[in-house]
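The values are calculated or read from the model by the stated rules, or taken from the named source; none is laboratory data. Keep in mind the model is a prediction, meaning the values are calculated, not measured. As a convention, Cβ positions derive from the backbone with ideal geometry for all residues, glycine included, and neighbour counts pool all protein chains shown. Please note that ligands, DNA and RNA were not included when accessible areas were found on the heavy atoms of the full protein model with its side chains. Shrake-Rupley method; radii C 1.70, N 1.55, O 1.52, S 1.80 Å.
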Amino acid sequence: MTTQQPVWIIGGYQSDFARNFTKESLEISDLVRETATGTLAHAGISTDQVEVIHVGNAMGEFYVKQGHLGSMVATVVPELAGIPSSRHEAACASGSVAVLAAMADLESGRYDIALVLGVEIERNVPGAVGAGYLASAAWVGHEGQGQEYVWPYTFSEVAQEYDRRYGLQDEHLRLIGAQNFANAKSNPSAQTRAWATTPECFSADDEANPTVVGRVRRYDCSQVTDGGAGLVLVSDQWMRENGADLEGPVARISGWGHRNASLSLQDKFDASAHADYLRDAITDAFGRAGVEDVFQLDGIETHDCFTISQYMAIDHFGITKPGCSGDAIDSGLTARDGALPVNPSGGLIGVGHPVGATGVRMLLDAYLQVTGQATGYQVAGARRFATLNIGGSTSTAVCTVVEAE
């Protein structure tokens, strides 16, 4: 594990994830423009100060038939023409990989101010068509064959394997879904904030919460979302020279971890006793940040593409021993007002999951929490947050630790 130079977050932006851009007769270019300009405005940075741009996007070529999104930024914000810009793809971890690339630029001294964007349009096609697009993040032709919905099937298999090893009560998965929907109610940018749900939606009621496939039911799933999120990151040198002139609050990315595993789900089952590569990404971030115990955190934003992925994250973070995540849920420990809140924003299930934007949105929420700006869903007194973003069937994992200064 290498050390890191400090990288700072000085502002960010999230679009309203409840919007449907196609119904508004808007395109991904409009989303890129809104996210870029909103991010710079919140950070108090002008276009002529930006030195490098990194864009996270997973599915542009499928959903909107548009690639080369690194250059889309200059297309819609002409003042950014001439600035180096790259697009990054790592399935649902695309946004986090874009962040890591920007951090490397800043840590190396190559640049001092980076604009990081995550953007995705997903609500412009029927659900079954979109499911086929998303399946490209699995090992195509080798797993999920014959499944209309590859990812619910895949994470049902994850739940089955977890149950085989440790035991798993489906009631705990339902409680995660209920908690994340409840948290999203007060998040002004959450996709589901105005949705009407009943207690039966978070039960085994086949009408209110129908089975999608295997052990995955409707309200175990994250949302299909149009959305963008952005951050302005700056180097430690820039912060030392210019920080006193900033009007808004800042936070430091004090730790990061990044791991990859095989695309094949079965390969991961065979190779790892307990998805050790996920735990390694977390412990790397903790080591760099000087976090010796998970309860030194004030909260976590974790990847809940399905309720089982949040359930697993609870013990991967070390909140409980493997197989005991349900204890933390039952006790209220992971509730927004608990000892260690998990997904106080509402997570991917409540906030929404625009695939390429999710990693950036998580980091933005961590920044908002530790700087007291998470209006409507603020964790009282938060000063240190972690994120865990995964891509595919947990094949890519990125963890960060964010702290107020």
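Could you count how many residues in the range 1-42 are farther than 26 Å from Thr371 by Cα, surrounded by fewer than 23 Cβ atoms within 10 Å (Cβ to Cβ) and hydrophobic (A, V, I, L, M, F, W, C)?
Total satisfying the criteria: 3.
Confirm whether Ala366 is touching a Phe, Trp or Tyr at 6+ places or on another chain (Cβ under 8 Å) and crowded, with 24+ Cβ neighbours inside 10 Å.
Criteria met by Ala366.
Collect the residues in the range 256-305 that are aromatic (Phe, Trp, Tyr) and open to solvent by less than 50 Å² (accessible area, probe 1.4 Å), keeping them in residue-number order.
Of everything in the range 256-305, those that are aromatic (Phe, Trp, Tyr) and open to solvent by less than 50 Å² (accessible area, probe 1.4 Å) turn out to be Phe269, Tyr277, Phe286.
Identify all residues within the range 14-37 that are within 19 Å of the chain's Cα centre (by Cα) and not hydrophobic (A, V, I, L, M, F, W, C); write none if there are none.
Gln14, Ser15, Asp16, Arg19, Thr35, listed by residue number.
Can you confirm whether the range 159-172 contains a residue that is open to solvent by 50 Å² or more (accessible area, probe 1.4 Å) and among the hydroxyl-bearing types (Ser, Thr, Tyr)?
Yes, the conditions are met somewhere in the range 159-172.
Out of everything in the range 50-77 that is in a helix (DSSP H, G or I) and of a type in the set (Ser, Thr, Tyr), what residue ends up being nearest to Leu115 (Cα to Cα)?
Thr75
If you take the residues in the range 306-334 that are assigned to a helix (DSSP H, G or I), of a type outside the set (S, T, N, Q) and touching a Cys at 6+ places or on another chain (Cβ under 9 Å), which one is farthest from Cys221 (Cα to Cα)?
Applying the filter and picking the extreme gives Asp315.
Please enumerate the residues belonging to the range 189-242 that are among the basic types (Lys, Arg) and touching a helix residue (DSSP H, G or I) at 6+ places or on another chain (Cβ under 9 Å).
Selection gives Arg193, Arg215, Arg217, Arg218.
State yes or no: is Ala196 open to solvent by 70 Å² or more (accessible area, probe 1.4 Å), free of Cβ contacts under 8 Å to residues at least 24 places away in the same chain and over 23 Å from the mean Cα position of the chain (by Cα)?
When the stated conditions are applied, Ala196 passes them.
Got a number for residues in the range 213-227 being under 20 Å from Thr302 (Cβ atoms) and open to solvent by less than 20 Å² (accessible area, probe 1.4 Å)?
Summing the residues that are under 20 Å from Thr302 (Cβ atoms) and open to solvent by less than 20 Å² (accessible area, probe 1.4 Å) in the range 213-227 gives 6.
Taking the range 24-49 as the region of interest, how many residues are among the charged types (D, E, K, R), assigned to a loop (DSSP other than H, G, I, E, B) and in contact (Cβ under 8 Å) with a residue 12 or more places away in the chain?
Qualifying residue count for the region: 1.
Could you run through the range 233-245 and say how many residues are open to solvent by less than 60 Å² (accessible area, probe 1.4 Å) and at pLDDT 95 or above?
7
Just give me the residues in the range 369-405 being of a type in the set (Gly, Ala, Ser), open to solvent by less than 10 Å² (accessible area, probe 1.4 Å) and assigned to a strand (DSSP E or B), in sequence order.
Listed by number, the residues that qualify are Ala386, Gly391, Ala397.
How many residues does the range 244-272 hold that are of a type outside the set (A, V, I, L, M, F, W, C) and under 21 Å from Thr37 (Cα atoms)?
Number satisfying all stated conditions: 4.
Pick from Gly356, Gly376: which is within 20 Å of Ala137 (Cβ to Cβ) and of a type in the set (Gly, Ala, Ser)?
Gly356
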